[in-house]
Amino acid sequence: MKAAATRVTREFSSVEQPDAWIRRMLALIDLERAAEVEETGRLLDQSSGAQLEARGLSILRLAVAEEEAALGGRVLVTFEKTTGELLPPARMQPGDIVRVVPQNPADARRDARASAAPPTGIVWKRTPRSIAVAFDDTLEESAGEGALRLDRVANDITYRRMRGALERLAGARSGRPAQLRDILLGERAPRFGAGGSFAPSNARLNPAQAEAVRFALDAQDAALIHGPPGTGKTTTVAELIKEAAARRERVLATAPSNVAVDNMTETLAGSGVRVVRVGHPARLLPGVVALSLDAQVASHPLTKAARDVRRELARMLKRLRRERDRTARRALRDAMRGLRGEIDEIEAAAVKAVLDGADVILATCAGADDAVLARREFDLAVIDEAAQALEPACWIPILKSRRVVLAGDHRQLPPTIISREAERGGLGVTLFDRLMARAGPALSRLLTTQYRMHRAIMEYPSRMLYEGRLEADAAVAGHLLRDLPGIARSEFAETPLRFIDTAGCGYDEETEPEGESKANAGEADLAARMVEDLAALGLPAGAIGVITPYSAQVRALRDRLAALGPDIEVDTVDGFQGREKEALVISLVRSNDRGEVGFLADVRRMNVAITRARRHLTVIGDSATVAREPFIAGFIAHCESQGAYRSAWELR
């Protein structure tokens, strides 16, 4: 299998002089930053609302459904569609910056003439029907008049922090940062200890997981934990962190996304480890807000002392407003300045006390550059989901630590790159990619027992992408829909896998009028029928998922499935990474006489799609088109060998 991503990885995994690598990365992140600003700005200025929504940059026809106070004096505003329908697919995830503008162009022009900058906030949470955004202040009354539009806007902070990390790396001529730079860029070999015995505190770890933890603890410089889908990577990473903390190591745990960091936080918090989650509270899942630095500082005894000083400051301010004597006013101002300094000192001491009391500090890779962590050093940096992180972002936590462990799977989706030039230049090749390509067996341990999929679903990706080394745990190896309570007997209930071939049915793909995304009406109809059949078995709606590579097909499928309610999740492949469902239907969409497969040419996207299913997987596609991609052709052959191939003609 000669995937383009594999070829690029090999090209950039060869040894490159550190200074040359840093110069290349600086140029590439500048290209990516410029591409994001240009794309976002151009599209927002020149595209219609419908085009923006089709591209996932905007959500139209919104109204304020709720407004409430949030942590740190912020205001949490929940938006819903004025029509009551589900939100469309959009590139708006928790942590993204968005702006609120009137949907009516005349209102938008009026605000522009008034030089009123649109209010911006941070996405806090998304549900199928609503999106919650945290603002620093309440919205103006005019913002609640008429239909509103949310636009995703470019965020410069992450780019500045990546550039700063690379510049610090370039300036490191000695010490631990320079050593790690040389090791991770191939100038020196990583070192390992004697490999002593290890008894995990979690007795449920399987042998491969326990070995991965032992190996990572033994690494003096760097190690990789390779976790294919469903193999318990987060559990393994949590055990590594707990063991390192028990050894009195200072641990910085990071990941590229807020959701991944929050998952680690929740896992660790339940194990008795003292954790502090650094980051804007609006970017955190509700279950970890109480563990955030803001929340823990707010409840610290020192902060309560600062409240007394603030009350005294407020009293002085009232006196100042009444005082007419110039000398007395000057004395009051001096005293108030002193109180403000005292408040700053108390709050800084509270922050320090909370951080000093933590066993583990957690943040996103970019968040590790937060000012509160500026002068802190760590014994161990753990980067989860490292195969989804841009390499310059990984260097932010690495430069704060004496050694690093990266956990992830380079056979799943990579970071999203906007600039084609930056991608061709190697920005999409992650640190995890490079190290696996150069020294995978010596530097990594593979998790081999998976706890999600029926063996028939697992076998093909295992053989093609994981050297056939994956094994299904006995609890899942043969599980089927029929084993769930209240499920009627049928082919669906008895069968873990099938491919439905639409070749010759005339189900042609179409490009949506308002964008470049693809849809296939015939496939959407067939996929909807399959979902209706699953629901008719008695399977709960929340146990069913529908995946497709294209947002236009997501919209088509949601329209057809609306009558079944909002609990049946329909999303893109990218939106489903890290998720799972008992039963899954995949619509591949592509059907053309040119043999073009688009997104499906990336083997990693197909791997993610296939491996989301637990007990049943149905894949729908036109073999005359999609089998031009060798990985998909092999999957169809695998289905045939399992007696799981059906022609769509049989289902008419």
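Would you point out which residue out of D262, D308 is acidic (D, E), farther than 24 Å from M453 by Cβ, open to solvent by 10 Å² or more (accessible area, probe 1.4 Å) and not in a loop (DSSP other than H, G, I, E, B)? That would be D308, the only listed residue that is acidic (D, E), farther than 24 Å from M453 by Cβ, open to solvent by 10 Å² or more (accessible area, probe 1.4 Å) and not in a loop (DSSP other than H, G, I, E, B). If you take the residues of segment 581-608 that are small (G, A, S) and at pLDDT below 95, which of them is surrounded by the fewest Cβ atoms within 10 Å (Cβ to Cβ)? So, considering only residues that are small (G, A, S) and at pLDDT below 95, the one surrounded by the fewest Cβ atoms within 10 Å (Cβ to Cβ) is G595. Assessment of segment 414-423 against the conditions (closer than 21 Å to R579 by Cα, open to solvent by 10 Å² or more (accessible area, probe 1.4 Å) and either modelled with pLDDT of 95 or more or assigned to a strand (DSSP E or B) (or both)) yields no matching residue.
Would you pick out the residues in segment 229-262 that are free of Cβ contacts under 8 Å to residues at least 40 places away in the same chain and on the phi < 0 side of the Ramachandran plot? Answer for segment 229-262, where residues must be free of Cβ contacts under 8 Å to residues at least 40 places away in the same chain and on the phi < 0 side of the Ramachandran plot: T235, A238, E239, R247, D262. Scanning segment 374-403 for residues that are among the aliphatic types (A, V, I, L, M) and at pLDDT 95 or above yields L380, A381, V382, I383, A386, A387, A389, L390, A393, I396, I398, L399. A single member of L240, L224, L150 is touching a strand residue (DSSP E or B) at 6+ places or on another chain (Cβ under 7 Å), within 30 Å of K81 (Cβ to Cβ) and not in a loop (DSSP other than H, G, I, E, B), and it is L150.
Of the residues making up segment 447-466, just one is more than 22 Å from the chain's Cα centre (by Cα) and in a strand (DSSP E or B), namely T449. The conditions of being out of contact with any helix residue (DSSP H, G or I) (no Cβ under 6 Å at 6 or more places or on another chain), open to solvent by 30 Å² or more (accessible area, probe 1.4 Å) and more than 30 Å from W395 (Cβ to Cβ) are not met by A371.
Name the single residue that is nearest to V626 (Cα to Cα) among those in segment 486-509 being free of Cβ contacts under 8 Å to residues at least 40 places away in the same chain and not in a helix (DSSP H, G or I). Break it down into steps so the answer makes sense when it comes.
Here is the first cut: in segment 486-509, the residues free of Cβ contacts under 8 Å to residues at least 40 places away in the same chain are 489, 491, 494, 506.
Next cut, not in a helix (DSSP H, G or I) only: 489, 506.
On the way: R489: 32, G506: 15 Å.
So the residue we want is G506.
Take the conditions at pLDDT below 95 and surrounded by fewer than 23 Cβ atoms within 10 Å (Cβ to Cβ) and apply them to G428. Does it pass? So G428 fits the description; yes.
Cβ-Cβ contacts under 8 Å between residues 6 or more apart (or on different chains), taken from a first residue in segment 574-597 that is free of Cβ contacts under 8 Å to residues at least 40 places away in the same chain and within 20 Å of E512 (Cα to Cα) to a second residue that is assigned to a loop (DSSP other than H, G, I, E, B) and open to solvent by less than 20 Å² (accessible area, probe 1.4 Å), are listed as E596/R590; V597/R590. One residue alone among R330, R319 is touching a helix residue (DSSP H, G or I) at 6+ places or on another chain (Cβ under 9 Å), open to solvent by 60 Å² or more (accessible area, probe 1.4 Å) and in a helix (DSSP H, G or I), and that residue is R319. For first residues located in segment 534-557 and assigned to a helix (DSSP H, G or I), partners that are open to solvent by 10 Å² or more (accessible area, probe 1.4 Å) and small (G, A, S) and lie 6+ apart or on another chain with Cβ distances below 6 Å form the pairs A541/G565; S551/S517; A552/S517; A552/A519; Q553/A519; A556/A519.
The residue list E491, E471 contains one member that is within 25 Å of I620 (Cβ to Cβ) and among the charged types (D, E, K, R), which is E491.
The values are calculated or read from the model by the stated rules, or taken from the named source; none is laboratory data. The structure presented is a predicted model; accordingly, all values stated were derived computationally and were not measured. FYI the Cβ positions are ideal-geometry reconstructions off the backbone, even for glycines, and counts take in every protein chain you see. Each accessible area value is taken on the protein alone, full model and side chains, heavy atoms only, with ligands, DNA and RNA left out. Shrake-Rupley method; radii C 1.70, N 1.55, O 1.52, S 1.80 Å.
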